[in-house]
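Structure first, then comments.
The values are calculated or read from the model by the stated rules, or taken from the named source; none is laboratory data. Only a predicted model underlies this, so the values are computations on that prediction, with no experimental measurement involved. When we count neighbours, we look across all protein chains shown, and the Cβ atoms used for this are built from the backbone with ideal geometry, even at glycine. Areas reflect the complete protein model, heavy atoms only, side chains present, ligands, DNA and RNA absent. Shrake-Rupley method; radii C 1.70, N 1.55, O 1.52, S 1.80 Å.
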Amino acid sequence: MPFKPLRKAVFPVGGLGTRFLPATKAMPKEMLPIVDRPLIQYAVEEAIEAGIEQLIFVTGRGKSAIEDHFDIAFELETTMHERGKSLDILDATLLKPGSVAYVRQQEPMGLGHAVWCARHIVGDEPFAVLLADDFMLGKPGCLKQMVEAYNKVGGNLICAEEVPDDQTHRYGIITPGARDGALTEVKGLVEKPAAGTAPSNLSVIGRYILQPEVMKVLEGQEKGAGGEIQLTDAMARMIADQPFHGVTFAGTRYDCGDKAGFIEANIAVALGRDDIGPAVRDFIAKL
Ligand code: UTP
């Protein structure tokens, strides 16, 4: 294979989560639960399922609950043990010393800037980026589907999803080339195009597999849409030099950065659960 295997994943969790205020005033958006697991735990489990061995969190002020969540909770575990129960939430990958790293994004200057903050830990290897607020429900998981594609075509991959015309201004949008099953060649990328100017309806969703060269591009990246350093703009500059594909996810995405999407995700997961599904279904029918 001409490209190195994927072992590292970056989780940018430095955003302010303003759309979820006041819930996110003192608590990270990524700790909002879908039923009984925080969003970030689903993203971490998806990465581990895809074979990721090193997890890099790009955090900011007020995000320490994430570090605590992925650590041993001695008192809690001892108490649960004494009660004959277990607190079995951490995968062995997370417990291996040195496999989790935290780097601080001092100012939330945009997703591109957050990814660039991880450059020394990423080094000269390809890496995945997972945005926990894009909650991906499917089997196999979204990143695993993308790794299967990566093992065939290498280069850079982004998760792609069709969105309605009136939504394109909210997303990074792909100029599509040849299509082959779930794979679409990416010929161009534009972040949040003005209404009526989008090159297609194919949007970029919060899962990426990137080659390390993107870090050098981000180094000199100017601010883009919204006055933020945009990952989309840096990726657009890689297209001429390296293979670039979109992967359509076989599954459902819930935009959990948005209040309605977050409620939808909770209902979908709750209805699928053996323990609470029937009660939730009855409740919804009554409502
Ligand atoms: P969003 O665009 O959803 O921004 O970021 P946000 O700040 O989290 O939320 P709102 O829009 O104010 O409600 C997409 C992803 O990029 C991360 C966020 O944590 C989220 O996972 N991000 C964004 C950073 O890590 N740093 C940034 O500077 C910006």
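Points worth noting:
- Looking at the chain, the DSSP beta bridges with both ends there are about 60 percent antiparallel.
- Counting only protein chain heavy atoms and rolling a 1.4 Å probe, the accessible areas of Lys259, Lys63, Lys192 rank, largest first, as Lys259, Lys192, Lys63.
- Region 164-222: GluC sites (Glu not before Pro) falling in loop per DSSP and having at most 14 other Cβ within 10 Å: Glu222
- The lysines whose alpha-carbon is closer than 19 Å to the alpha-carbon of Lys223, local same-chain residues fewer than 8 away aside, are Lys192.
- For region 1-102, GluC sites (Glu not before Pro) meeting the loop criterion (DSSP other than H, G, I, E, B) and having at most 11 other Cβ atoms within 10 Å: none.
- Cross-link reach is defined here as a Cα-Cα straight distance under 25 Å, omitting same-chain residues fewer than 8 places apart; for Lys8 the lysines meeting it are Lys29, Lys63, Lys96, Lys139, Lys144, Lys152, Lys216.
- Cα-based Rg of region 10-119 normalised by 2.2 N^0.38 Å, two decimals: 1.13
- Accessible area in square angstrom per residue, the chain, 1.4 angstrom probe: 50
- Equivalent ellipsoid semi-axes, the chain, via Cα gyration tensor eigenvalues times 5, rooted, Å: 30, 23, 19
- Ellipticity at 222 nm from helices only: DSSP H runs of n ≥ 4 in the chain, each -39500 (n - 2.57), divided by the residue count, give -8000 deg cm²/dmol.
- For Ile34, the residues whose amide H sits under 5 Å from its own are Leu39, ignoring neighbours fewer than 5 places away on the same chain, with H placed 1.01 Å from N.
- Accessible-area composition of the chain, carbon plus sulfur, in percent [1.4 Å probe]: 53
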